[in-house]
Amino acid sequence: MTNPIATTIDDLPDAEALLSRSGLEFMQAVLRGELSGPPIGETLGFCLTGVEDGQVTFDGAPAFAAANPMRGLHGGWYGAILDSCMACAVMTRVPRGAYYTTLEYKVNITRAIPLGTLVRATGTVQHSGRSTGIAMGEIRGVDDDRLYATGSTTCLIMQAK
């Protein structure tokens, strides 16, 4: 199933949709298409494809629009899909009535992703506490399982007031 994509700010899930569910329930609702997926995925050519407790996957294929002047894939594409899978993995551990934001993330590019290559970015939680979550991620080729990049993130978990 394809995630519906928001085209205006009003299409995005509101505070009630977010805070009335646990983070895992929220992410599962996005995967099922009950809530809008992230617009950045539409822009950059990736979408949510898997949600489990502590793990999230996004699949995508970088297009020409994400190329840099040297005819390669811009590093921001790696960062965007890794930030998405890692932070959303942390979201699966966020309790009802709370939300998260990325504090920092790091990307290590191990090889260039050829434009148009289908890849899977997997984020896995390493720690989830009351106020922080830490996850690691990797981008691998769907067809060849080659490792293209790794990443790590720290997210801040906040209670809604």
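The values are calculated or read from the model by the stated rules, or taken from the named source; none is laboratory data. Only a predicted model underlies this, so the values are computations on that prediction, with no experimental measurement involved. Neighbour counts run over all protein chains shown; Cβ positions are idealised from the backbone, glycine included.
So the values come out like this:
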read-out	value
Any pair with Cβ under 8 angstrom, 6 or more apart, that starts in the range 121-146 at a residue that is closer than 20 Å to LEU24 by Cα and ends at one that is at pLDDT below 95 and assigned to a loop (DSSP other than H, G, I, E, B)	none
Answer residue from the range 109-125, given it is farther than 18 Å from ASP59 by Cβ, touching a Gly at 6+ places or on another chain (Cβ under 7 Å) and of a type outside the set (Gly, Ala, Ser) and is surrounded by the most Cβ atoms within 10 Å (Cβ to Cβ) among those	VAL125
Residue in the range 58-65 that is part of a helix (DSSP H, G or I) and either more than 27 Å from ARG32 (Cβ to Cβ) or in contact with a helix residue (DSSP H, G or I) (Cβ under 6 Å, 6 or more places away or on another chain) (or both) present	yes
Options ALA61, ALA80: the member that is under 19 Å from SER152 (Cα atoms), of a type in the set (A, V, I, L, M) and touching a Leu at 6+ places or on another chain (Cβ under 6 Å)	ALA80
Residues (touching a residue at least 60 places away in the same chain (Cβ under 8 Å), buried (at least 24 other Cβ atoms within 10 Å of the Cβ) and under 13 Å from ILE134 (Cβ atoms)) located in the range 72-90	MET86, VAL90
Complete set of residues in the range 91-111 that are in a loop (DSSP other than H, G, I, E, B) and of a type in the set (S, T, N, Q)	THR92, THR110
Single residue of the range 1-37 satisfying the filter (in contact (Cβ under 8 Å) with a residue 40 or more places away in the chain and outside any helix (DSSP H, G or I)) that is surrounded by the fewest Cβ atoms within 10 Å (Cβ to Cβ)	THR2
Test: residue in the range 114-128 that is over 22 Å from LEU147 (Cβ atoms) and in contact with a strand residue (DSSP E or B) (Cβ under 8 Å, 6 or more places away or on another chain)	yes
The range 15-46, subset closer than 25 Å to LEU118 by Cβ and in contact with a Gly (Cβ under 9 Å, 6 or more places away or on another chain), residue modelled with the lowest pLDDT	GLY41
Filter result for ARG120 (of a type in the set (Lys, Arg) and not in a loop (DSSP other than H, G, I, E, B))	yes
